[in-house]
Amino acid sequence: MKNSTLIPALAVVAAMLVNGCSRSASKVAGAGAPVLVAQAVETNVPVLINPPPVGHVMPYSTVTIRPQIGGVISQVHFQEGQEVKKGDLLFTIDPRPMQAALDAARAALARDQAQLENAKIQFDREQKLFDQKLVSQDEFDTSKAGFDALIGTVAADHAAITNADLNLEFTGIRAPFDGRTGSLQFHEGNVVKAPDDTLLTINQIHPIYVAFAVPEQYLPEIKREMREKTLKVMATFQNMDAPPQGELTFIDNAVDTTTGTIQLKATFSNEDSTLWPGQFVQVALTLSDLTNVVVVPSQAVQTGQNSQFVYVVKPDQTAEERPVTIGITYQGETVVQSGLQAGETVVTDGQLRLEPGVKVSIKSAIQPAAPTNSTENVK
């Protein structure tokens, strides 16, 4: 009975000894914990506002086209959604009534000018007779009043011609600036009334604005940086290939007391029409740049009981636990302010298998941790 219980116990002890020997043999033979690694690199990192604010795309200018005279639309000269240039003819309102009014004003001027010439002749005659005491004061005053009245009538005729000519010009409605047309509200044959009817809205989208709000705590830094340089702004949205770049051009004159934010505007050239009025985008405002800083992939940074650390792979392929001080994160890369030098190799995956001095086995080639442009930087 004693022998039957002793044999299994001896077998367990033997297995433990074999396993221990196997681990020792593996360590001696150079086998190590499999890990993924990357190199710490020195680069420049932009400092962005976190969280990235949501922006609203706005036209640089917008205008509602309304008729300045009433009438029948005789022709529409554009297609809905078309790009137009400043001065392009958009609508023609039937010009015949305005042309008739202009002709009538010109005819009235010709009539009144003839009457004025006759009145002047009569007044000159009355002037001579009055000087010779051959006509009374009343007759002279009547002649002068008639002459002066016709002078005023001719002046009014000139004003009427100017007004009629202007109304005739208003029959052709033109684009006030370069822009893109919206939906057409009235078509050929419609009668429009001035100035109530809205014919069209034109938005100027080259350039274009992106309006967004940031917490008021960033205002002093934004103002300070704007005094020294132009602040860059990037706008992104889903499925965008190349985020457009713009510049911060406007800071509102007051903080919104209900939200504690300040409204900003960035101007984008938008030459390829990537941004569209009414669109919502994620905005990355670059406040400054950190130059020549050491960065590592964010997954390399571990949090310990007292501080954050990374595992550094030493030349002898053993792991060293290195305390580090970290800064901002940029596109999955973390700035290491102290504790690490560029060129050192850090573990990015497999840290749970490690402890100081343990041999490592690199599973893949070293990948540089150089960041690219992104909106994920935080401050």
In whole angstrom, the spacing between the Cα centers of the stretch 111-149 and the stretch 233-256 equals 75 Å
Counting C-alpha atoms alone, how compact is the chain: give Rg to one decimal and Dmax as a whole number, in angstrom. 42.2, 170
Under a 10 Å cutoff between Cα atoms, tell me which one of K86, K133, K314 has the largest fluctuation in the Gaussian network model of the chain. K133
Rank by packing, highest mean first: peptides 333-341, 211-219, 156-164, with packing defined as the count of other Cβ atoms within 10 Å averaged across residues. 333-341, 211-219, 156-164
Relative contact order of the stretch 76-178 (C-alpha contacts under 8 Å, at least 6 apart) in percent is 54 percent
Here are some pairs, K223/K265; K86/K193; K85/K265; K85/K232; which of them have Cα atoms lying more than 20 Å apart in this structure? K86/K193; K85/K265; K85/K232
GNM of the chain, Cα pairs under 10 angstrom: of F78, F250, F140, the biggest fluctuation goes to F140
Choose one answer from R174, R66, R353: the residue with the largest mean-square fluctuation in a GNM of the chain with alpha-carbon springs under 10 Å. R353
What would the Debye formula give as log10 I(q)/I(0) at q = 0.19, 0.20 Å⁻¹ for the alpha-carbon point model of the stretch 112-196, no solvent? -0.92, -0.97
Would you mind counting up the charge near S143? Only other residues with Cβ under 12 Å from its Cβ, with Lys and Arg at +1 and Asp and Glu at -1. -2
So for L150, L264, fewest C-beta neighbours within 10 Å to most, what's the order? L150, L264
Students often check this: by mean Cβ neighbours within 10 Å, which of 180-187, 225-232 ranks highest, and how do the rest follow? 180-187, 225-232
If the reach is capped at under 22 angstrom between alpha carbons, list the lysines near K144, excluding any in the same chain fewer than eight residues apart. K120, K128, K133
What percent does the relative contact order of the chain come to when contacts are Cα pairs within less than 8 Å and at least six residues apart? 30 percent
Whole-percent tail of the Cα-Cα distance distribution for the stretch 76-217, cut at 19 Å, equals 69 percent
Once the cut-off is 18 Å, how many percent of the Cα-Cα pairs in the stretch 49-125 end up in the long-distance tail? 70 percent
As a test of the formula, what do you get for the chain when each DSSP H run with n ≥ 4 contributes -39,500 (n - 2.57) and the sum is divided by the residue count, at 222 nm and rounded to the nearest 500 deg cm²/dmol? -10000 deg cm²/dmol
Summing +1 per Lys or Arg and -1 per Asp or Glu among the other residues with Cβ less than 11 Å from Q113's Cβ gives 0
Order of F123, F268 from fewest to most other C-beta atoms within 10 Å? F123, F268
Net charge contributed by nearby residues that have their C-beta within less than 9 Å of V35 (K/R +1, D/E -1): +1
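Read-outs: derived from the displayed coordinates by stated rules, not from any lab. Note that the structure is a prediction, hence the values are computed from the model and not measured. All Cβ positions, even for glycine, are placed from backbone atoms using ideal geometry, and neighbour counts span all protein chains on display.
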